[in-house]
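The values are calculated or read from the model by the stated rules, or taken from the named source; none is laboratory data. Keep in mind the model is a prediction, meaning the values are calculated, not measured. Note: ideal-geometry Cβ built from the backbone for every residue, glycine included; neighbour counts use all protein chains shown.
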């Protein structure tokens, strides 16, 4: 796991790209504190360089891509610079240094991620005549590209963002993993192309004029979306979307982005059949087992985040089974966020799971005063405003992981989007049953979820939200949203009116798998994975997510019928049943979906006076400051807010973000 970056200039007017590259690499140093490297190229020269964070044993190591001189000693007349910060997980020796090259320096790579099936691919490539100098997955990626070209991406199982420079062709080829576990951002104009793992590095480049993109702000407050488009919160900064790659020709300036992967799902309704379900249940278990087993490959100890929910508990149970099979005496380090409020504290379930596998149980107890202390760091590490204080719980969890000396953890992110973990998915399944005239099954499912009339009220509310409002004119949608979400009252009406047409959204799919597909691809899950990546990498921790990036597990899950995922009013049904006798029933039988809940409203109320200085007149383009100042206590008062509401925290997050980034 690492941080990558690079700058390509197309004419000599873009000066000092070496100094810009040094700054870029420094701004993402937290992603890779173990090593630092540079490759600099022009038509006459290619050199490798080191800096303050490069280990001594990497310098002048007997491989052709080892750094040979200090970056400050290199001149500044280069056209291409690749930068790398390394968190050493696989191949801890100097041969794992990056930028890495093969083929006598013709192919160069900067790579962030893990290719979990690299050992199998290595054998396949060796059979084709490839020779290796390292044991790293990075070299496997480079050799795979040399042999298979762009098609190599379809061979990979894992998470990745990388750029490969072909010196002979003078081209750069970059790609991001299928579902967006690892980040990639870029800037491109006629003079320069620059890329980095985080936006904070790009907006500091002297050749980039950025600022706030108001469309993203509107989507954040009104549509509750965080960068569901390639255009980001920062003007001119573009996200390479999951499942996409690009090619850049330095000689001609040609640049193109294309989608190399599309996830297909099973849209057909199939009734629940016990025999077929039992076969599918066993197959799912085997695929999940293999996914976890692959993600335990590392040259450092591996721990796990444990919320006490079904997804993380399943992963922990499988880690334990794998350790038992290999007769490992290693006790798995487990990490849980805890609270004194029993209504939201999941740690008793996590403790039960930890006891079940005899793991080493670590708990963190985030407090409001700690949130206040860490608030600017939290927002800065995320690059963009966040949804709720749940991200802070994740931030503190990763901090604890680092404090205990663990570099790698497995996490359950993505399980909800695979197996219908959120309550709104019931509506999509009910619509599917209704559309297929399965009225008896529909009645059984609704009754199993909620008693009458609560099930009908839930259905009608969801139907209004997902299937009715979108048919109305945008101004009507806007008024409905404004009446329902009281926080919108405090946004600048001119700003709201200017972008209200963005409320036009397509209807929700009438099929459960199609709805899961929407959330899994480039929307909700992508935003959650962004939070996961930034929280973990800020603390120099690699987070691995089997549910979100194991291609064999994911493609299989999306071919399962909806009736296997929700059955008799129980969501995640096939996952629950596949983990029977592995996870305690008290966890598998849970129906109280919490979703990494924090004491959000109480924390907001506790810090509201301390954060008041952030709410100054510089926010007037987005907030109605007269209303907000007048009703400040009312907006952030626990007594007048729904204890589970997270929308009001976005005001704090945005104000802190704007100040922290100097926008």
- The residue from 425, 466, 499, 484 that alone is touching a strand residue (DSSP E or B) at 6+ places or on another chain (Cβ under 7 Å) and not assigned by TED's automatic domain parsing to the domain that holds residue 516 is 425
- Exactly one of (1) part of a helix (DSSP H, G or I); (2) under 30 Å from residue 1 (Cβ atoms) is unmet by residue 540. Its number? (1)
- Give the residues of region 334-346 that are surrounded by fewer than 21 Cβ atoms within 10 Å (Cβ to Cβ) and in contact with a strand residue (DSSP E or B) (Cβ under 6 Å, 6 or more places away or on another chain), sorted by residue number. 338
- Exactly one of 482, 502, 524, 580 is closer than 27 Å to residue 356 by Cα, surrounded by fewer than 19 Cβ atoms within 10 Å (Cβ to Cβ) and touching a helix residue (DSSP H, G or I) at 6+ places or on another chain (Cβ under 9 Å), and that one is 580
- Note on the structure: Going through (1) in contact (Cβ under 8 Å) with a residue 40 or more places away in the chain; (2) over 20 Å from residue 622 (Cβ atoms); (3) surrounded by 15 or more Cβ atoms within 10 Å (Cβ to Cβ) one by one, residue 469 fails only at (1)
- Message: For residue 75, only one of the following conditions fails: (1) more than 14 Å from residue 18 (Cα to Cα); (2) modelled with pLDDT under 95. What is its number?
- Response: (1)
- Message: Condition (residue is modelled with pLDDT under 95 and assigned to a helix (DSSP H, G or I)) applied to region 331-339: is it met by at least one residue?
- Response: no
- Task: List every residue pair whose Cβ atoms sit under 9 Å apart, with the two residues 6 or more apart in sequence or on different chains, where the first one lies in region 124-145 and is in contact (Cβ under 8 Å) with a residue 60 or more places away in the chain and the second, anywhere, is in a helix (DSSP H, G or I) and buried (at least 24 other Cβ atoms within 10 Å of the Cβ).
- Result: 133/139
- Exactly one condition in (1) buried (at least 22 other Cβ atoms within 10 Å of the Cβ); (2) out of contact with any strand residue (DSSP E or B) (no Cβ under 6 Å at 6 or more places or on another chain) is not met by residue 551; state its number. (1)
- Check residue 450 against each of (1) modelled with pLDDT of 95 or more; (2) outside the structural domain of residue 532 (by TED's automatic domain parsing) and name the one condition it does not meet. (1)
- Of all residues making up region 260-301, the number that are farther than 30 Å from residue 509 by Cα, modelled with pLDDT under 95 and surrounded by 19 or more Cβ atoms within 10 Å (Cβ to Cβ): 0
- Note on the structure: Within region 244-264, residues part of a loop (DSSP other than H, G, I, E, B) and either out of contact with any helix residue (DSSP H, G or I) (no Cβ under 6 Å at 6 or more places or on another chain) or without any contact (Cβ under 8 Å) to a residue 40 or more places away in the chain (or both) come out as 250, 251, 252, 253, 254, 261, 262, 263, 264
